[in-house]
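The values are calculated or read from the model by the stated rules, or taken from the named source; none is laboratory data. Worth saying up front: this structure is predicted, and the values here are computed from it rather than measured. All Cβ positions, even for glycine, are placed from backbone atoms using ideal geometry, and neighbour counts span all protein chains on display.
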Amino acid sequence: MAFFSNLDIESYDRNYSDRELVRRIWELFIPHKRRLFGIIVLLLSLSASSAAIPLLVARGLDLMSGESGGSGIYLLSGAVLLAGSIPGLPIGLAAA
Amino acid sequence: MTTTSAEFTLPEYHQGDRRGPLRWILSHALRYWYLFALLILGAVGNAGLASVVPIYTGRALEAISGAQPQLDALLNIAWMIAITQLIRSVLQFGRNFGAELMAQNIERDIRAELYISLLGKSMTFHNLQPVGDTMARATNDVREVNFMFSPGINLVVGSANFIIMPLIFAPGYHPALIAAPLFFTITYFLALGQYLHELRPITAGVRKAFGRLNTRLAEALDGIETVKGMAQEQQEIGLFQQYASSFRDYFIHQGDVEARFVPFLLMAISQAGGLFHAIWLYQRGALVLGDVVAYFGLLLLLGFPTFISLFAYSQVSLGVAGARRILELINRENDLDQNAEGAVAPLRGEVIFREVAFAYETGDTSLNGINLRIQPGQTVAIVGQTGSGKTTLVKLINRTYDATAGQILVDGVDVRDWNLESLRQQISIIEQDIFLFSRTIRENIAFGKPDASAAEIETAARTAQAHEFITSFNEGYDTVIGERGVTLSGGQRQRLALARAFLTNPHILVLDDSTSAIDSATEDHIQRAIYAAAQGRTTFIITHRLSQIRWADQIVVMRNGRIVAVGSHAELMQTSEAYRRIFQETDH
């Protein structure tokens, strides 16, 4: 309630609960449900790709410490490129 | 854009450099150079200390990956990172605080500059400028300039330092390692230039579309009675939706351009390429493992400028578009000037019109060949059909409008040679459409003389026959009018306006059909009040009420923007067909 408490100052201004307010706002989103779902999926993929970079680097360190460097390291660079490029996609679609 | 002086200026107020939007913004920002310095200091410090983390992480890796792990060194590194990040948080706070304070100060300053400018504009300007658009500029566009500084410029400056740090520290590990950050920097700024170029017309369109939307809204609400009376709700809804869709389309277009901004790809190429390069050097023994980790950590710093570039630059672009619109309004040509060096003297009240003509900017001629002489203290009744130019004629006396030809002399001095403030303070006009502020009755009466005593206000109210109805309210003179207050009848509003005029004790009084809404029960009282008020001052009365016309010293009959007859009531009834026709129409 604290977040919305100031909205209750004027008696004529607001005569409904926060739950009612959220319900009314949600109604505005209903026509865009599918798009909203798509945006959430894309944003989750953004988070996943961002989280992948330190994991990839950790794996790369293991490769570099061991004897089996070689092509794995080049694959690692490619994976970083891919993971770094992914965020552009959901942000672009979300903005549209 | 034409720069002219405003009608009224407040010399103590800061006025920005109005030659262009960027100069204007800069001139306001430079007033707060110390806050900008705080912003820069915070930004450089924040980015510099952010670089400490990957650099020391690399050292930490080296400390523990040797045959003999150096735990003491690791502890020192941990302390170093903790202390530097603590300092960084303070610097970050300074950066954000400086930017926010500067943004709020600039918003206040430009809002005040715009408001003062609007108050100083001529009536011609205000007649032509849609209120909704002005409101959009005075509220949202001003707000956009605020957002331009915080978060806009705050993040732009902050993130720019995150681009610089890898350029500074990467060559420390190996000179060739500057390649990846250098590639990013060059391509980032090239892409940014193109991005801003594409964004500029779109952000200008966003602001313009919002102005149109507001104009439509203001006009529909202002004319709500007409809309409802003519059952045009559906049409208005259609129009409003059309403007709302246009505003949305501009925003989507902006989002489309933002989405195609390529720094994410550039960052990914730089990081992947940089990592590959570092590993390649490591395999050739030019780097140790800790250097690779530290270098890649530095490349990760590029993520901040990449991410914020999606919205920070469009915020800056919107701010510049907003500033351009505000400045366009401020700089728009003003017909009148204050003439601070003009004549300042108590008026006697002589008014002479000499071959006066006037046309509104639309080109329609409202007045032509007006010649009239009014002696000090005379009462002049102006009569004529609707649209004959009666109101326009009196509005030339206090320079609400300036005559387009001829001269109006007040006490023998051309009105354009009077100090405008001095002239207007001594002329009081009560309009047909009386405006009362949403304040107390006392404040409304004392509007033209804020330092008036309670006794003076009461005397003015009694003279205007308003005291009785004012004291019938529970709060008396402290009753608030309008929104959240009492609603007044047309007659009550007019009596308050008369009280307001009486209080300023003007030397020239203009009553523009101001007693039209007074009911017959109070008409006699108000007639006596006006008669009393007219004594000792030049009074113009625009009316068709015979009771007011009869005692006028001169009656001026107007038709199609010209004076067709001047004389007393008896004379005009004998000689003027136009005058007789007015009273025949009134009688019916």
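Report whether or not B:Gly255 is part of a helix (DSSP H, G or I), within 29 Å of the chain's Cα centre (by Cα), of a type outside the set (Phe, Trp, Tyr) and under 30 Å from A:Ala79 (Cα atoms). In short, yes. Considered as a group, the residues in segment B:1-27 that are at pLDDT below 75 and of a type in the set (S, T, N, Q) include one that is surrounded by the most Cβ atoms within 10 Å (Cβ to Cβ), and that residue is B:Thr9.
Could you go through segment B:301-319 and let me know if any residue there is closer than 30 Å to B:Leu114 by Cβ and of a type in the set (Val, Ile, Thr). Yes: segment B:301-319 contains one or more residues that are closer than 30 Å to B:Leu114 by Cβ and of a type in the set (Val, Ile, Thr). Of the helices (runs of 4 or more DSSP H) entirely within segment B:126-202, those holding at least 3 residues that are among the aliphatic types (A, V, I, L, M) occupy B:131-136, B:154-173. Taken together, the residues in segment B:253-290 that are more than 8 Å from every other protein chain (Cβ to nearest Cβ) and among the polar types (S, T, N, Q) amount to 2.
Entry remark, segment B:312-355: residues being in contact with a strand residue (DSSP E or B) (Cβ under 9 Å, 6 or more places away or on another chain) and surrounded by fewer than 21 Cβ atoms within 10 Å (Cβ to Cβ) number 10 in total. Among the conditions (1) over 29 Å from B:Pro166 (Cβ atoms); (2) touching a Pro at 6+ places or on another chain (Cβ under 9 Å), B:Ala67 misses just one, which is (2).
Taking the criterion of being crowded, with 22+ Cβ neighbours inside 10 Å, in a helix (DSSP H, G or I) and not hydroxyl-bearing (Ser, Thr, Tyr), the only residue of segment B:302-311 that qualifies is B:Pro305. With respect to the stated conditions, B:Ile434 is surrounded by 14 or more Cβ atoms within 10 Å (Cβ to Cβ), under 32 Å from the mean Cα position of the chain (by Cα) and assigned to a loop (DSSP other than H, G, I, E, B). Filter segment B:529-588 down to the residues that are polar (S, T, N, Q) and in contact with a Phe, Trp or Tyr (Cβ under 9 Å, 6 or more places away or on another chain) and list them by number. B:Gln548 - this is the single residue of segment B:529-588 that is polar (S, T, N, Q) and in contact with a Phe, Trp or Tyr (Cβ under 9 Å, 6 or more places away or on another chain).
Of note, B:Leu299 does not satisfy the criterion of being modelled with pLDDT of 90 or more, surrounded by 19 or more Cβ atoms within 10 Å (Cβ to Cβ) and outside the structural domain of B:Thr203 (by TED's automatic domain parsing).
When segment B:437-482 is examined, which residues are found to be in contact with a strand residue (DSSP E or B) (Cβ under 6 Å, 6 or more places away or on another chain) and loosely packed, with under 15 Cβ neighbours inside 10 Å? Of everything in segment B:437-482, just one residue is in contact with a strand residue (DSSP E or B) (Cβ under 6 Å, 6 or more places away or on another chain) and loosely packed, with under 15 Cβ neighbours inside 10 Å, namely B:Asp478. Can you say whether B:Val293 is β-branched (Val, Ile, Thr) and closer than 13 Å to B:Ala170 by Cα, as far as the supplied structure shows? Yes. Screening segment B:441-510 for helices (runs of 4 or more DSSP H) wholly inside it with 1 or more residues that are within 24 Å of B:Leu423 (Cα to Cα) and in contact with a Ser or Thr (Cβ under 7 Å, 6 or more places away or on another chain) returns the ranges B:490-504.
Put simply, of B:Ala294, B:Ala244 the only residue that is surrounded by 21 or more Cβ atoms within 10 Å (Cβ to Cβ) and either at the interface with chain A (Cβ under 8 Å from one of its Cβ atoms) or part of a helix (DSSP H, G or I) (or both) is B:Ala294. Evaluated against (1) closer than 30 Å to A:Ser49 by Cα; (2) within 14 Å of another protein chain (Cβ to nearest Cβ); (3) touching a residue at least 24 places away in the same chain (Cβ under 8 Å), B:Tyr250 falls short on exactly one condition, (1).
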